[in-house]
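Quick one: this structure, given as C-alpha cells, is what I'll be asking you about.
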Amino acid sequence: MVKKIVPVIDSYQERAVAVGVEIGQPDSPFTLEESLNELCLLAQTAGIEVMATLTQRLEKPNPKTYIGVGKLEELKAVVHELGANIILFDDELSPRHLRELEKHFDETVRIIDRTALILDIFAQHAATREGALQVELAQYEYRLPRLTRAWTHLARQAGGGGGRAGSVGGVGLRGPGETQLEVDRRDIRRRIAHLKEELEKVKSHRRQYRRRRKKSGIPVVALIGYTNAGKSTLLNALSNANVYVADQLFATLDPTTRRVVLSNHNEILLTDTVGFIQKLPTHLVAAFRATLEEIAEADLLLHVLDISQPTAQQQAQAVFQTLKEIQADHLPIFTVLNKIDLLKDPQQTRNILAEYPNSVAISARHGIGLTDLMQKLDDFLFRRQHAISVVIPQREAYLIQLVSQEGIVEKIEYAGKDVFLQGKIPGRHLAKYTPYLYQAAAEKSQNEGLAYERTS
C-alpha cells in the first residue's frame, strides 16, 4: 500500500519515500503503521521530508531485495513520480540487501535504513567529545560491512592525499591486486581500534568520577524514557538547568547531571540520559556503553512517560526492553507520567496511575505536580525504610555494615561464605542489594543450615 503525504516543509532538499515491512508474526509492541509514523518523525529530525509511505507484509524477507519483486517495481514508480532522492527502510538492511537494492536505482537515489538514519541524527546532536567519539565508532562499525558505491572513501575525505597510503603520489602504494575497497576497509578498522582506545579512556574517567560521587553519599537518580518524553524539560524544571529542549526526537544526546534539592532539604544528583527508542541499533548500544553505565549504576531510575501519546504503553515496553539489554532492569523504578496537560479527560490520568504502583502525574512544562514528585522522591530515598531479605557474600561485608549504620537489622545468619540478612534500608541504598535478593529454596534444617536461590 502506498500513502502519499502532503509536504509540510517545502524547503527540504532531501525528499524520501519511507518503506515499512512486517515480517511473519511481529514481535514489536508497535504496529507497522505506528513504526512508520515514528520513522517519519526521525526523518523530519534529520531534515528529510517524507513524501510517501509504502508498506508490505511478508512471511520472510526477499533474500535479495528485502521487499518483494512487485513491491520493488511499485517503489521505483513512486520514487520516479515524486522525484524522491532517498528511500528510507524502517528496519536495518543487511549488506546484501543494500547492495542488491542499489542496483535498481541510479546514483541520484540513496538507500538508507533506520539504523543509518538514527546514527545520522546522533551525529548531528553529539555536543561533547565523548558523544562524538561514540557516534563515530557506531557509524564506522555499521559502515564497514556495507562499503558500496554510496561510500565516499577516506581519500576524498582526507583533504589531501600527500601522506596517505594508497593515494596517487602518496608515500605508500597498494599491494598487488589490492582494491580501493580493501584500502578503505583497512583504514576503517584502524580508525575503529583508535576510537575504542579513546573511549576506554573515557570509561576510565567516568569510573573515577563515579567513585568520587559515591563517596559523597548523594544518591544518583537517572532520568530514562522514550525519546521526546520530556526528560530534559523535567531536569530543567527541577534543577533550574539550561539543557537544550526541542519538540523533536533525540533533541539532546550527551548526559547531563545536576544537583537537585528535594522538599526536605535532602540532595540528589539528577542525570539526564539519551532517549530510548524501539529498534535501537546494536552498534549504538555498544558504542554508548560508557554512557549507559550511568543508568546501570544509579540508585533510582525515574522513568518519564509521555502519556499524551497513543503509543505510550508500547514506548514503555521499548524502554524496559532496553533496560534489560544494558542489564539495568533490576534497579528500582519510579514512573513519571508527563504531559498530563495535553489530556482532555482527567480520568485517563487516574486510570494510568492505577497501572503503575510507584508513579506520579505531572506536566514538566507547566510545573504541575512537581512538588508532589519531589516529596515522593524524598520519601522513597531518605525517609522511608524498605524491607529487604538478601543473601550477601561475606566478601561484600560493607553491605552488612551499611544496614547496621543506616538501616535496621532484624535477622542475620551465617551459612558458609554467605550471610542471610533481613532488615530495612533507606531507598537510596536499595539498588545495592537488589542483586542479592533471594527466594527460599529449602527450609532451614539443623544439619544443612541455610539454602537459598538468588534472584535478580
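For the range 397-416, indicate whether the set of residues that are small (G, A, S), within 27 Å of P435 (Cβ to Cβ) and assigned to a loop (DSSP other than H, G, I, E, B) is non-empty.
yes
Quick grid of which residues meet (1) touching a Ser or Thr at 6+ places or on another chain (Cβ under 9 Å); (2) touching a residue at least 24 places away in the same chain (Cβ under 8 Å); (3) farther than 19 Å from K231 by Cα:
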residue	(1), (2), (3)
I333	no, yes, no
K339	yes, yes, no
K344	no, no, yes
Q347	no, no, yes
L353	yes, no, no
V360	yes, yes, no
H366	no, yes, no
D372	no, no, no
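While we're looking at this one, here's another question. If you go through the range 360-387, how many residues are surrounded by 19 or more Cβ atoms within 10 Å (Cβ to Cβ) and under 25 Å from the mean Cα position of the chain (by Cα)?
Residues that pass the stated criteria total 7.
Further question on the same structure: Of the numbered conditions (1) touching a strand residue (DSSP E or B) at 6+ places or on another chain (Cβ under 9 Å); (2) closer than 27 Å to A312 by Cα; (3) in a helix (DSSP H, G or I), H97 fails exactly one; give the number of that condition.
Tallying (1) touching a strand residue (DSSP E or B) at 6+ places or on another chain (Cβ under 9 Å); (2) closer than 27 Å to A312 by Cα; (3) in a helix (DSSP H, G or I), H97 fails exactly one: (2).
Related question: Taking the criterion of being under 30 Å from Q314 (Cα atoms) and in a helix (DSSP H, G or I), would at least one residue in the range 325-332 satisfy it?
Among the residues of the range 325-332, at least one is under 30 Å from Q314 (Cα atoms) and in a helix (DSSP H, G or I), which makes the answer yes.
Among the residues in the range 325-343, are any at pLDDT 85 or above and within 14 Å of the chain's Cα centre (by Cα)?
Yes, that holds for at least one residue.
Confirm whether Y414 is of a type in the set (F, W, Y) and within 25 Å of A296 (Cβ to Cβ).
Answer is no for this residue.
Exactly one of (1) more than 25 Å from the chain's Cα centre (by Cα); (2) crowded, with 17+ Cβ neighbours inside 10 Å; (3) closer than 19 Å to A312 by Cα; (4) among the hydrophobic types (A, V, I, L, M, F, W, C) is unmet by A354. Its number?
(2)
Also: What is the one condition in (1) in contact with a Lys or Arg (Cβ under 9 Å, 6 or more places away or on another chain); (2) among the charged types (D, E, K, R); (3) modelled with pLDDT of 85 or more that E182 does not satisfy?
E182 satisfies all of (1) in contact with a Lys or Arg (Cβ under 9 Å, 6 or more places away or on another chain); (2) among the charged types (D, E, K, R); (3) modelled with pLDDT of 85 or more except (3).
The values are calculated or read from the model by the stated rules, or taken from the named source; none is laboratory data. These numbers were taken from a predicted model, which means no experiment stands behind them. Note: ideal-geometry Cβ built from the backbone for every residue, glycine included; neighbour counts use all protein chains shown.
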